[in-house]
Amino acid sequence: MKARIKLPIKMLAEMRADLHRPHPFAYERVGFITAGACAYSDGALLLARTYHPVDDEDYIPDKTVGVKIGSGAFRKTLQRSYRPPAAILHVHSHGGRGLPNFSGVDVRSAREFVPSLFGAVPRMPHGIIVLSGDSASGLLWFGPDKAEEYAFEFIGVGASYIKFGERP
Amino acid sequence: MTWLDRQSFLGEESNTVLETRKIAIIGLCGGGSHIVQQLAHIGFRNFVVIDPQRVDETNLNRLVGMTREDAKRKKPTPKVDIAERVIRSVRHEPFVHKVMDLWQTAGDILKSCDVIVGCLDSVRAKDELDAFCHRFMIPYIDIGMDVHKTADGYLIAGQVVLSSPDTPCLRCLGIVTEDALKKEGQKYGQAGGQPQVVWPNGVLASSAVGLVMQLLLPWHSTTTDSAYLEYDGNKHVMVPSNRLAIAARHPCKHYPPNERGDPSFDVRQLKISRKTTGPQSNMLAKIIAFVSCRLCH
């Protein structure tokens, strides 16, 4: 199944700017996108609704990882995603250029927390996104017991209409 | 040398974009026929053309690509077939998805389009298509023209609007109003069509194509994701409308981001729905469209 993620160009710029802000102690910032969804010709299409940076107080000091967030961040995200039901996409940035890759830590932690999101919003897919300066990658789960799949491509809608982050 | 060499300023990636982007043109009689022709000449390859009607002789004054023979046939030519013929006369091996039906029956293919251009006369149809495009985050370009009786003759007027996610919609811009919907409902079924002529359609269509191009292949840095151009066909000018600047001061309240997506979507049913409910949802759309038409009557 091919899954695409559509998001406003302005939101993309807003996320990149926000995620590059320094944090008092975390090495990087993270946020969450809520998204609608629909069936698509050969899979599913996720339609970004809103972006929410994780609040400063919801970061937890942990020198073993670049960033760690607490239950408060997830609680707030779930509250936003409950009604109307929304897909939850955890987002962070690796900077640089080109198609970014998830780190081993990214994937391992996502395999722990993403399936649990289906407990609150079972009817929507969920996943994680990593941005670079000009591209993005997404890993999506279509059920709590299903293996994750890469997003096929991203579509930016705005003053110019662009496609990026395509995965074969 | 290739047939697209003279538009190389559109960038190195332009051929890829022209090959891969899919554009829907809904309403193929007046402006829509110009738009189909221009997009084919530009080099687009993937088209969705939608119009439920066959031609009649009164279309010959404005439908680009139509011939007398199309109207004389025992079964006159469908407008979608003329659109396809025009595209194939220009573009080698295009993909043309034809829908000789109401656009509401083509939701699945429309969701996969990169831009939708609507050339619809009905205010209600414009409204519904704008709502669809906002729900699925598809840039929507609407064109329309009318001829108004004035004290000293007639005024030809029209508009071209680009409506994108997070920008003013047709309701924000005052093109769709409850009053207009009500008046249209009262007039529905009365004899006589709205006046339509080829040259204003050509002006409006060319501007619409310009907006498509600046979205997909921007050739300058001041592109925009919303536009409202007003056409005065008596003065032969197209000017930006003040309404856009006013409407853009506030977020669109008609199509908030939280309404994006299919409200009935359920990932647990994704495979089942693709196999079993496609035809049903298509039939449901037809029934809804039919009932809407009856209600308008």
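Nothing in this text is a laboratory measurement; each read-out follows from the coordinates by a stated rule. These numbers come from a predicted model, not from an experiment. Heads up, the Cβs are rebuilt from the backbone with ideal geometry, glycines too, and the neighbour counts pull from every protein chain shown.
Bin width 10 Å, origin at 0, all Cα-Cα pairs of the protein assembly as shown: what percent of pairs per bin?
4, 19, 29, 24, 15, 7, 2, 0, 0
In bins 5 Å wide, starting from 0, what share of all Cα pairs of segment A:2-164 does each bin hold, as a percent?
2, 9, 19, 24, 23, 15, 7, 2, 0, 0
Once a ≥ b ≥ c are taken as the square roots of the eigenvalues of the Cα gyration tensor of segment B:55-191, is the result rounded (a/c under 1.5), prolate (a/b larger than b/c) or oblate (a/b not larger than b/c)?
Taking the square roots of the gyration eigenvalues as a ≥ b ≥ c, segment B:55-191 is oblate.
If R0 is 25 Å, what FRET efficiency do you get for B:Lys183 and B:Leu60 from their C-beta distance, rounded to 0.05?
Details: r = 29 Å, r/R0 = 1.17.
Step by step, r from the Cβ atoms, then E = 0.30.
Along the charge dipole of the protein assembly as shown, Cβ charges K/R +1 and D/E -1, which of B:Ala180, A:Phe74, B:Trp103 sits furthest on the positive end?
B:Trp103
Counting only Cα, what are the radius of gyration and maximum Cα-Cα distance Dmax of segment A:126-167, in Å?
11.7, 39
For each of B:Thr105, A:Thr64, count neighbouring Cβ atoms within 10 Å of the residue's Cβ, then give the residues from fewest to most.
Values: B:Thr105 21, A:Thr64 6.
Fewest-to-most Cβ neighbours within 10 Å comes out as A:Thr64, B:Thr105.
Using Stokes-Einstein with the Kirkwood hydrodynamic radius over Cα pairs, what translational diffusion coefficient do you get for segment B:5-261 at 4 °C and a viscosity of 1.567 mPa s, in µm²/s rounded to a whole number? Could you put the intermediate results ahead of the total?
Working: Rh = 18.8 Å.
Estimated via Stokes-Einstein, D reaches 69 µm²/s.
Calculate the mean, over all residues of peptide A:30-42, of how many other protein chain Cβ atoms lie within 10 angstrom of the residue's Cβ. Walk me through the intermediate numbers first.
Numbers: counts 0, 0, 0, 0, 3, 3, 11, 7, 12, 15, 6, 5, 2.
Taking all residues of A:30-42 together, the mean is 5.
Along the Cα-to-C-beta direction of B:Val197, a point sits 7 Å from the Cα; which residues of segment B:128-148 have their amide N less than 17 Å from that point?
Under cut-off, by backbone N: B:144-148.
Near B:Lys149, which aspartates and glutamates are there with a Cα under 15 Å away, not counting those fewer than 8 places off in the same chain?
Reachable aspartates and glutamates: B:Asp232.
Which of the DSSP-defined H helices in chain B satisfy a minimum axial length of 15 Å, computed from C-alpha atoms, and a minimum mean Kyte-Doolittle hydropathy of -1.0? Let's see the in-between values first.
Numbers: long enough: B:31-42 (17 Å, 0.32); B:79-90 (17 Å, 0.23); B:123-135 (18 Å, -0.75); B:198-216 (27 Å, 1.35); B:278-296 (27 Å, 0.79).
In chain B, the long hydrophobic H runs are B:31-42, B:79-90, B:123-135, B:198-216, B:278-296.
Between A:Ser103 and B:Asn258, what FRET efficiency comes out of the Förster formula 1/(1 + (r/R0)^6) with R0 = 35 Å and r the beta carbon distance, rounded to 0.05?
Values: r = 32 Å, r/R0 = 0.91.
The value I calculate is 0.65.
If you take every DSSP beta bridge whose two residues both sit in chain A, what share of them, in percent to the nearest 5, is antiparallel?
Working: 28 of 43 bridges.
Antiparallel bridges make up about 65 percent of those DSSP assigns within chain A.
Taking 0.36 nm per residue of separation and subtracting the Cα-Cα distance, what length does fully extending B:Ile246 through B:Met1 add?
Working: separation 245, 0.36 × 245 = 88.20 nm, distance 4.72 nm.
Full extension of this stretch gives 83.5 nm more.
Work the Kirkwood hydrodynamic radius out for segment A:1-72: mean of 1/r over every pair of different alpha-carbon atoms, inverted, in Å. List each step's numbers first, then the result.
Working: mean 1/r = 0.0720 Å⁻¹.
Over segment A:1-72, the inverse of the mean reciprocal pair distance is 13.9 Å.
Enumerate the lysines that A:Lys68 could reach by cross-link, defined here as Cα to Cα under 17 Å, with residues fewer than 8 away along the same chain left out.
Hits, sequence-local ones excluded: A:Lys76.
State the antiparallel share, in %, of DSSP beta bridges confined to chain B, rounding to the nearest 5.
Numbers: 22 of 39 bridges.
Here the share of antiparallel DSSP bridges comes out near 55 percent.
With only alpha-carbon atoms counted, please give the Rg and Dmax of segment B:117-216, in Å.
Final numbers for Rg and Dmax: 14.4, 45 Å.
From zero up to wherever the largest Cα-Cα distance of segment A:1-41 sits, split into 10 Å bins and tell me the percent of pairs in each.
Going out from 0 Å in 10 Å bins, segment A:1-41 shows 21, 41, 26, 10, 1 percent.
Work out the FRET efficiency for B:Val237 and A:Lys68 from their Cβ-Cβ distance, taking R0 = 56 Å, and round it to the nearest 0.05. Intermediate results must be reported in sequence, preceding the final value.
On the way: r = 60 Å, r/R0 = 1.07.
So the FRET efficiency works out to roughly 0.40.
Taking the Cα centre of segment B:1-142 as origin, work out the dipole magnitude from +1 charges on Lys and Arg Cβ and -1 charges on Asp and Glu Cβ, in debye rounded to 20. The partial results should precede the final answer.
Numbers: 20 positive and 20 negative charges, 100 e Å.
Dipole about the Cα centre, nearest 20: 480 debye.
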